[in-house]
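The values are calculated or read from the model by the stated rules, or taken from the named source; none is laboratory data. Since this is a predicted model, take the numbers as computed values, not measurements. Don't worry about glycine lacking a Cβ; one is built from the backbone with ideal geometry, like all the others, and counts go over all protein chains shown. Keep in mind that these areas ignore ligands, DNA and RNA; they rest on the heavy atoms of the full protein, side chains included. Shrake-Rupley method; radii C 1.70, N 1.55, O 1.52, S 1.80 Å.
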Amino acid sequence: MTSRQALWAREWRMRLLQQFGNKCNFCDQRTFLEFAHIKPTKLKGEGRGMTNRIKDIRDNPDSYMLTCHKHNGLAEQ
């Protein structure tokens, strides 16, 4: 990833964190947050990259939820 892509992805990740409420959906944890799939999207497979993942979250916000590391597995159930 180029530095330009990294900057774009970091900026968009911050925007998406704010859009999703900046905390875990299951608890009040506000650090080490991850975007977890709740519905399938076209983005599949390992190595999909930060830029592609951020674009997918931006384009399909209803397919993701924000979770802490502890609760990430609960999003898939």
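Can you pull the percent of the chain's accessible area that's carbon plus sulfur, 1.4 Å probe, other chains left in place? Within the chain, the accessible surface is 50 percent carbon and sulfur. Rounded to the nearest whole angstrom, the semi-axes of the ellipsoid equivalent to the chain, taken from the Cα gyration tensor as √(5λ), stand at 20, 15, 11, largest first. Charges were assigned to the Cβ only: +1 to each Lys and Arg, -1 to each Asp and Glu. The resulting dipole of segment 3-77 about its Cα centre is roughly 240 debye. Among PHE26, PHE32, PHE20, the sequence by solvent-accessible area, most first, with a 1.4 Å probe is PHE32, PHE26, PHE20. With R₀ fixed at 22 Å, the C-beta to C-beta distance from ARG15 to HIS69 puts the FRET efficiency at about 0.55. Toward the positive end of the charge dipole of segment 1-74, with +1 on the Cβ of Lys and Arg and -1 on the Cβ of Asp and Glu, the farthest Cα among PHE35, THR51, TYR64 is that of THR51. Solvent-accessible area per residue in segment 1-70 equals 71 Å², computed with a 1.4 angstrom probe and all protein chains kept. Against the chain, whose longest principal axis is taken from its Cα atoms, helix 50-59 shows a tilt of about 60°.
Given R₀ = 22 Å, FRET efficiency for ASN22-ARG58 by Cβ-Cβ distance, to 0.05?
Calculated value: 0.85.
Relative to the longest principal axis of the Cα atoms of the chain, the long axis of helix 3-19 makes an angle of roughly 30 degrees.
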